[in-house]
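Read the structure below first, then the notes.
The values are calculated or read from the model by the stated rules, or taken from the named source; none is laboratory data. Because the structure is predicted, anything quoted here is derived from the model rather than measured. Glycine also receives a Cβ, built like all others from the backbone with ideal geometry; neighbour counts cover every protein chain displayed.
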Amino acid sequence: MSLSQIVYFLFIFYWTGSALAFKDFPLDITDFCLEIQSQKLNFHRPRAGQILKEGLKLTLIPGKLVHLEEHEIEPIPAEIVKIGSAQQSQVLRNLIFSVDPPVELTHSPEAAKIQTRYQQINRRLSKLKSDLSFIVFASTVEQCIARVGEVRFDLESYLNLLSERTSLHWIEQMREAVTVEKILTKLVPRLKLKWDVIHVTDLMALHRALRSPDIGNVVLIAHGLSEGKMVDSWMSEYPLGVFTDLSASLQSLTFFACHGDRIAQTYQLEKNLASLPFNGAVRKLFVSRGTSIPGMGEGVTRGAAELVPIRSFNAFMRKVDRNLAKSAVEKQGLFNQESPPFNCTVILNGFVVTIGTFGLNLNGHFVGTIRKNLNDNEHSAETAFDFPCSYVDRKLNILTLHGISLIETSRIQSSQFQVNVRALGKAPKMTRLTHYFRDDHGYQSSKFEFLSN
């Protein structure tokens, strides 16, 4: 196989490997062939030495593929409360959030059947990819169209299979989780600081940890998209407001994911770490910076332009741990106070999720998620979210509810639901309620506006 064929094989693999790349793809064969030729023009062949170099790094020294970027931030000081007795000192926790799929999926009664179906899909895709390779190697649009007819390639069937495989993402997560578990089992006992591992990157669990009054350092092993968004274990996008409320005890945030620099920009991490009160002098932000995949430009598929292999986490985490150990104070005699009281509540009545996950945000702050309960036929008819009253503005407030699932369109049973807000024992006046619907008339999102009392 020649170098050009190897490179085009990489092109085919990454460009066709995810249904996300085809999210808005035209089903017309002529448009399909035009798009292929266009992608090939933007696909630059790397030198053979470059491919060999990166391949050897991945195999022999994966730690060299990922670099650590450190940001030191001077936040505003917290209002300190002095504790006189050393026995009352606060012991700070350090957490690593891993990438395991939710146990609700892996231990469900249908898990074995789903894994069998996943294997069937892969076998069918393998045959279709062979046909697609033949089509992609066409020199012109006309030849491409002719080859589509020759092999009787069914684009719609191919896209449907890709979409179905993507919906079973947790099968791949399980395999990745096994690798992570092996790394963490050997790594964590050898680190200088004491770290606890949370085996799921769930939005609600992370949000609670970031607000906890005894949290010290948080490390996220996450899936990063090329536009700077992150994805949790349920394949739901992290809303922008997740990092707008941080505990005054939080010393550092670390992100091991593709496109770490863009994640920092998208979620305004430096701004949030600087503007929120802190009990110490300097907070730290660590992000991974991976290696660009040879020959792969932007826009080919989401998250595929940067390589951050999970095997690189060992070396990456050791650097983070050594850095933090130099200045870390595991026991603090000074701290702010307990978490702000949750005296405000949002109650959803009749909001029954049938597919996916929905996120709830108030004035840019993340409040919670609601998803289909896999253990029941339906989600509870009433769901309540407590949140700090500091989220409520003195004047106009905007509460948004929208689907955040990346791999499927989030749906609810009926848009005839009610939203009630309780702030300090009172019910604010709702001034406007707007529902938004998709082209197929299915529910998409809601926007609630209310005035505080």
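Please specify each residue of segment 210-230 satisfying the condition of being over 21 Å from Ile183 (Cβ atoms), in contact with a strand residue (DSSP E or B) (Cβ under 8 Å, 6 or more places away or on another chain) and not charged (D, E, K, R).
Residues of segment 210-230 that are over 21 Å from Ile183 (Cβ atoms), as a first pass: 210-216, 225-229.
Those still in the list that are in contact with a strand residue (DSSP E or B) (Cβ under 8 Å, 6 or more places away or on another chain) too: 210, 212-216, 225-226, 229.
Residues satisfying the conditions are Leu210, Ser212, Pro213, Ile215, Gly216, Leu225, Ser226.
For residues that are closer than 30 Å to Leu210 by Cα and at pLDDT 80 or above, scanning just segment 92-129, find the one that is surrounded by the fewest Cβ atoms within 10 Å (Cβ to Cβ). Break it down into steps so the answer makes sense when it comes.
If we filter segment 92-129 for residues that are closer than 30 Å to Leu210 by Cα, which is where we start, we get 92-108.
Narrowing further to those that are at pLDDT 80 or above: 92-98.
Working: Leu92: 24, Arg93: 17, Asn94: 20, Leu95: 19, Ile96: 24, Phe97: 23, Ser98: 22.
Restricting to residues being closer than 30 Å to Leu210 by Cα and at pLDDT 80 or above, the top hit is Arg93.
Regarding segment 192-206, can at least one residue be identified that is touching a residue at least 40 places away in the same chain (Cβ under 8 Å), within 20 Å of Asn363 (Cβ to Cβ) and in a loop (DSSP other than H, G, I, E, B)?
no
Only one of these is within 30 Å of Leu253 (Cβ to Cβ), of a type in the set (A, V, I, L, M, F, W, C) and free of Cβ contacts under 8 Å to residues at least 60 places away in the same chain: Val151, Val178. Name it.
Details: Val151 fails: within 30 Å of Leu253 (Cβ to Cβ).
Being within 30 Å of Leu253 (Cβ to Cβ), of a type in the set (A, V, I, L, M, F, W, C) and free of Cβ contacts under 8 Å to residues at least 60 places away in the same chain holds for just one of Val151, Val178, which is Val178.
I want to confirm something. Restricting to segment 257-269 and keeping residues that are touching a His at 6+ places or on another chain (Cβ under 9 Å) and over 21 Å from Val367 (Cα atoms), which single residue is modelled with the lowest pLDDT?
Cys258
Mind listing whichever residues of segment 423-443 are surrounded by 16 or more Cβ atoms within 10 Å (Cβ to Cβ) and either in a strand (DSSP E or B) or β-branched (Val, Ile, Thr) (or both)?
Ala423, Tyr443
Suppose we keep only residues that are under 12 Å from the mean Cα position of the chain (by Cα) and either assigned to a helix (DSSP H, G or I) or farther than 11 Å from Phe286 by Cα (or both) within segment 240-256. Which one would you say is modelled with the lowest pLDDT? Write out each step before concluding.
Step one: of segment 240-256, the residues under 12 Å from the mean Cα position of the chain (by Cα) are 240, 242, 255-256.
Filter again for either assigned to a helix (DSSP H, G or I) or farther than 11 Å from Phe286 by Cα (or both), leaving 240, 242.
Numbers: Leu240: 89, Val242: 92.
Among those that are under 12 Å from the mean Cα position of the chain (by Cα) and either assigned to a helix (DSSP H, G or I) or farther than 11 Å from Phe286 by Cα (or both), it is Leu240.
Could you tell me whether segment 217-239 includes any residue that is under 24 Å from Gly280 (Cβ atoms), surrounded by fewer than 21 Cβ atoms within 10 Å (Cβ to Cβ) and of a type outside the set (Val, Ile, Thr)?
From segment 217-239, those under 24 Å from Gly280 (Cβ atoms) are 217-220; that's our starting set.
Add one more test, that the residue is surrounded by fewer than 21 Cβ atoms within 10 Å (Cβ to Cβ), and what stays is none.
So far as segment 217-239 goes, no, none of its residues is under 24 Å from Gly280 (Cβ atoms), surrounded by fewer than 21 Cβ atoms within 10 Å (Cβ to Cβ) and of a type outside the set (Val, Ile, Thr).
Kindly indicate which of Leu187, Leu193 is aliphatic (A, V, I, L, M), surrounded by fewer than 17 Cβ atoms within 10 Å (Cβ to Cβ), closer than 24 Å to Lys284 by Cβ and in the same structural domain as Ser288 (by TED's automatic domain parsing).
On the way: Leu187 fails: surrounded by fewer than 17 Cβ atoms within 10 Å (Cβ to Cβ).
Leu193 is the lone residue from the list that is aliphatic (A, V, I, L, M), surrounded by fewer than 17 Cβ atoms within 10 Å (Cβ to Cβ), closer than 24 Å to Lys284 by Cβ and in the same structural domain as Ser288 (by TED's automatic domain parsing).
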